[in-house]
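Written below as structure tokens is the structure these notes are about.
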There are 2 protein chains.
Amino acid sequence: MVAKDSSTEEKIKNAARHVFHIKGYAGTRTRDIAEEAGINLALLNYYFRSKEKLFEIVMMETLRDFLQSLTSVFNDMESSFETKLEMVVNNYITLLVKEPEIPLFILSELRRNPTHLLQKMNVKEIIMQSYFVKQLLEVMEQNKMAQKDLLHLIINIIGMTIFPFVAKPIFQSIGEISNEQFSAMMEERKTLIPKWIKAILTSK
Amino acid sequence: MVAKDSSTEEKIKNAARHVFHIKGYAGTRTRDIAEEAGINLALLNYYFRSKEKLFEIVMMETLRDFLQSLTSVFNDMESSFETKLEMVVNNYITLLVKEPEIPLFILSELRRNPTHLLQKMNVKEIIMQSYFVKQLLEVMEQNKMAQKDLLHLIINIIGMTIFPFVAKPIFQSIGEISNEQFSAMMEERKTLIPKWIKAILTSK
DNA sequence: GCTTGATTTAATCATTTGATTAAATCAAAA
DNA sequence: TTTTGATTTAATCAAATGATTAAATCAAGC
């Protein structure tokens, strides 16, 4: 018996994850995945039956990993709002510096597929009923901000954190920004984003 | 002679723009485009020679439209920094409320294609040597912000404006956000984003 | 009405690509 | 060594898809 990570099944799944993340569902050929995994096309179908099935697995696992950065922090009753904000931003940037293709992959593929995968995953409840949002609403109240701005704020937090990864190909195409420079910039944002959000909250 | 807009060539191009924007290059079949345009597949190739050529035209025109929102504002010598900021945000949101698929389309396709289309379009120079950035740097100096934060600020402006459109499919998939509600929210952001940016600039 | 060139179509081709099959290989147990 | 089941491969199939071709249709000018 071979170790889990190097088992053929795992090798194929990792290759699929890699190729799907970069090329998307439509742009990926099963032969690409087989080659990346160092195996034959038939074997891929032997293990996963079809491109579609393999994709679903990759998609589910990617979403799970991605949501993990939220759920692991959001409902801690001990930590302050500020701490949670720092931790969420930290978690996401750390994850995405390692796998920068994830956001564009998720956004593109969820768009293509009108399946209600996200509804099934209860993302809205995870966010809106979290202790984090409760604390955020308190801070907003203290600063006399309108409740309807809650959505704006959440978008800003997520956007400031994730958008740079979505636009990364653009930066690299436009300017002389290396992977290292980009990662360094994202490290800076770990502390900058919470500051900016606080500035927004206490302004007006 | 038929009017330009309803000419067959234009009909095909519009159909191509629509389908490519939604499904991307790999996900689009030339037959989809032909059907959308209400014409036959052969005619498409008669006019545009190949899927690739047709795509290039769509991509170029989409990028041109998109950059127009920047260039039309950036080098006006009369308007203040605040005014320019408002106008850029306004232009983008107005354009993207009409065509919300553009950002995800551009981001996905530029990623797929290592062509240096953007370099050719001189985007970096358009931005960095613009009068807008000069004014932005002055404001940063007044508020004793480090110059290296310029990139962060530009990302924040663009991100706050564009990210909601990129994530729109998610919102609609997660929650009960209608197209109208989304558009209304983006209208609010036309005035909110400049405020937030100012809050960030004057904080710390 | 006829001619001519532009426009449009149906039919077909060649390649790509997802999937299957039957056979070969290999490793472990008897 | 032989047997047995799991793993792997080469070969092939069928459908999808980009592209071409030759013929039909149509509109304008004579």
Would you check if residue B:12 is in contact with a helix residue (DSSP H, G or I) (Cβ under 6 Å, 6 or more places away or on another chain) and buried (at least 16 other Cβ atoms within 10 Å of the Cβ)?
yes
What is the one condition in (1) within 16 Å of DNA strand C (Cβ to nearest atom); (2) assigned by TED's automatic domain parsing to the domain that holds residue B:178; (3) basic (Lys, Arg) that residue B:64 does not satisfy?
(1)
Would you be able to tell me the number of residues in the range B:20-53 that are touching a residue at least 60 places away in the same chain (Cβ under 8 Å), surrounded by fewer than 17 Cβ atoms within 10 Å (Cβ to Cβ) and more than 9 Å from DNA strand D (Cβ to nearest atom)?
1
Check residue B:70 against each of (1) within 12 Å of DNA strand C (Cβ to nearest atom); (2) within 14 Å of another protein chain (Cβ to nearest Cβ); (3) buried (at least 18 other Cβ atoms within 10 Å of the Cβ) and name the one condition it does not meet.
(1)
Filter result for the condition that a residue is in contact (Cβ under 8 Å) with a residue 60 or more places away in the chain, open to solvent by 30 Å² or more (accessible area, probe 1.4 Å) and within 12 Å of the chain's Cα centre (by Cα), over A:99, A:82, A:86:
A:99
Residues satisfying the stated conditions in the range A:9-30, i.e. assigned to a helix (DSSP H, G or I) and basic (Lys, Arg):
A:11, A:13, A:17, A:23
Going through (1) within 16 Å of DNA strand C (Cβ to nearest atom); (2) out of contact with any His (no Cβ under 9 Å at 6 or more places or on another chain) one by one, residue A:58 fails only at (2)
Could you list, in sequence order, all residues of the range A:31-51 that are within 12 Å of DNA strand C (Cβ to nearest atom), part of a helix (DSSP H, G or I) and away from every other protein chain (no Cβ under 14 Å)?
A:31, A:33, A:34, A:35, A:41, A:42, A:43, A:44, A:45, A:46, A:47, A:48
Checking residue B:190 against (1) in contact (Cβ under 8 Å) with a residue 24 or more places away in the chain; (2) assigned to a loop (DSSP other than H, G, I, E, B), the condition it does not meet:
(2)
Determine if the range A:87-101 includes at least one residue that is away from DNA strand C (no atom under 13 Å from the Cβ) and outside the structural domain of residue A:194 (by TED's automatic domain parsing).
no
Looking only at residues in the range A:157-182 that are more than 7 Å from every other protein chain (Cβ to nearest Cβ) and not in a helix (DSSP H, G or I), which one is surrounded by the most Cβ atoms within 10 Å (Cβ to Cβ)?
A:177
Starting from residues that are facing chain B (nearest Cβ under 9 Å) and aliphatic (A, V, I, L, M), keep the ones in the range A:122-152 and report whichever is farthest from residue A:182 (Cα to Cα).
A:128
Tell me, yes or no, whether the range B:87-103 has at least one residue that is out of contact with any strand residue (DSSP E or B) (no Cβ under 9 Å at 6 or more places or on another chain), on the phi > 0 side of the Ramachandran plot and part of a loop (DSSP other than H, G, I, E, B).
no
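The values are calculated or read from the model by the stated rules, or taken from the named source; none is laboratory data. What you see is a predicted model, and the numbers here were worked out from it, not measured in a lab. Don't worry about glycine lacking a Cβ; one is built from the backbone with ideal geometry, like all the others, and counts go over all protein chains shown. SASA here: full protein model, heavy atoms, side chains in, ligands and nucleic acids out. Shrake-Rupley method; radii C 1.70, N 1.55, O 1.52, S 1.80 Å.
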